[in-house]
Amino acid sequence: MAFTKEHIDPNKLPQHIAVIMDGNGRWAKKKGALRIFGHRNAVDAVREVTEGCGELGIKYLTLYAFSTENWSRPKAEVDGLMELLVNTLKQEIKRLNENGVKLKTIGDITQLPKNCQENLSWAIDKTKDNKGLTLILALSYSGRWEITEAVREIANKVKAGNLQPDAINEQTIENYLKTSGIPDPELLIRTSGELRVSNFLLWQIAYTELFITPTLWPDFRKETLYEAILSYQQRERRFGKTSEQLNPVS
Ligand code: IPE
Ligand code: IPE
Ligand code: MG
């Protein structure tokens with residue numbers, strides 16, 4: 001079946017989609033090329049998913065671009081990825097602005113090379129007044145890192161006497177996450193068929209619907225996005241309740 005935009009119910013759209021963009025290395029290997037070739041070809045897929053979400057009127061798209069654990073990859077690959085990030089920002093800024101996309105990041109950005117940090121700040125500033133899709137790049141990010149940071153900040157507030165331990169609730173924790181103010185993703189897409197979450201948005205995906213596709217990330221196109229959203233729209237999100245509670249017979 002070909003999945004098109006027309007199949008999607010505009011009244012049941014997720015507000016926030018998160019994506020674990022995986023499979024670049026395998027895509028390159030299949031072509032007998034170096035891993036970096038896969039990363040370069042991933043840019044087309046990033047453009048497709050961003051445009052696709054923008055056109056549908058999705059509010060937030062979070063892309064897992066580089067994890068805390070990815071720092072352990074060979075230096076040449078890490079350097080290649082950082083260079084690709086800078087080049088892509090420069091190359092895509094015009095299109096982002098044309099499409100009203102507002103750029104944000106989550107992650108330990110201070111770990112990135114200086115020129116990456118500078119280009120990110122520049123791109124965030126250039127797109128700050130845009131009113132369309134908010135594109136959140138997770139860079140040097142992991143869920144455990146984010147929760148640890150939040151705990152440290154909360155502990156400091158308690159120590160300073162500005163917060164009572166008894167007053168800490170789920171909302172307090174959310175307020176200290178890097179995604180504070182952004183609704184939890186209703187849909188998480190992972191490409192390349194891996195059945196794991198790899199330290200991504202651990203708190204935020206507590207009740208997220210998962211869509212795992214064998215498609216390798218460089219092959220991801222709008223059609224794959226539509227397929228994921230359609231799958232999401234066919235699910236019953238029960239949040240612990242029974243189906244009968246959600247669909248009472250009148
Ligand atoms: C995802 O593709 C990109 C990053 C993690 C930066 P991979 O590079 O993990 O590709 P595979 O999983 O080795 O195929
Ligand atoms: C997850 O992909 C991280 C990103 C997509 C940035 P990995 O390829 O690093 O995940 P694992 O190590 O196979 O779980
Ligand atoms: Mg991978």
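The values are calculated or read from the model by the stated rules, or taken from the named source; none is laboratory data. These numbers come from a predicted model, not from an experiment. Note that we place each Cβ from the backbone using ideal geometry, even for glycine, and neighbour counts take in every protein chain shown. Only protein heavy atoms, including side chains, enter the accessible area calculation; ligands, DNA and RNA are left aside. Shrake-Rupley method; radii C 1.70, N 1.55, O 1.52, S 1.80 Å.
3J(HN,Hα) along the range 152-168: 4, 5, 5, 4, 5, 5, 5, 4, 6, x, 9, 8, 8, x, 5, 8, 6 Hz, from the Karplus curve 6.51 cos²θ - 1.76 cosθ + 1.60 with θ = phi - 60°, whole Hz, x for Gly and Pro.
Ignoring lysines fewer than eight residues from residue 75 along the same chain, the ones with Cα atoms less than 24 angstrom from its Cα are 29, 30, 31, 90, 114.
Label separation (residue 33 vs residue 171): 5.0 nm, computed from points 7 Å beyond Cα along the C-beta direction. Here is how the number arises for the chain: DSSP H runs of 4 or more residues each give -39500 (n - 2.57), the sum is divided by the residue count, and the result at 222 nm is -13500 deg cm²/dmol.
Estimated at 0.36 nm per residue, the fully extended path between residue 153 and residue 231 surpasses their Cα-Cα distance by 24.3 nm.
Here the range 155-250 is described by how far its Cα atoms reach on the three principal axes: 52, 48, 21 Å, from widest to narrowest.
Placing unit charges on the Cβ atoms only, positive for Lys and Arg and negative for Asp and Glu, gives the range 7-105 a dipole magnitude near 220 debye about its Cα centre. Sparse packing (at most 14 other Cβ atoms within 10 Å of the Cβ) combined with a DSSP loop state is found for the following GluC sites (Glu not before Pro) in the range 155-198: 194. Taking Cα centre as origin and charging only the Cβ of basic (Lys, Arg, +1) and acidic (Asp, Glu, -1) residues, the dipole magnitude of the chain rounds to 500 debye.
The alpha carbon centroids of the range 1-75 and the range 122-148 are separated by 15 Å. Rg then Dmax, both in Å and based on the Cα atoms of the range 5-234: 17.9, 60. Solvent-accessible area per residue in the range 1-128 equals 53 Å², computed with a 1.4 angstrom probe and all protein chains kept.
Solvent-accessible area assigned to carbon and sulfur over the range 121-179 amounts to 48 percent, based on a 1.4 Å probe. Think of the range 5-234 as having a plus end and a minus end, set by charges on the Cβ of Lys, Arg, Asp and Glu; of 173, 135, 84, 84 sits farthest toward the positive end of this dipole. Rg over Rh for the range 1-134 works out to 0.98, using Cα positions for both radii and the Kirkwood form for Rh.
With the charge dipole of the range 129-250 set up from +1 on Lys and Arg Cβ and -1 on Asp and Glu Cβ about the Cα centre, the Cα lying farthest toward the positive end among the listed residues 211, 201, 187 is that of 201.
Charge dipole (Cα centre; +1 on Lys/Arg Cβ, -1 on Asp/Glu Cβ; no other charges) of the range 168-237 amounts to roughly 140 debye. Approximating the spin labels as points 7 Å out from Cα along Cα→Cβ, the residue 242-to-residue 83 distance works out to 6.2 nm. Largest first and in whole Å, the equivalent-ellipsoid semi-axes of the range 84-188 read 31, 16, 12, each the square root of five times a Cα gyration tensor eigenvalue.
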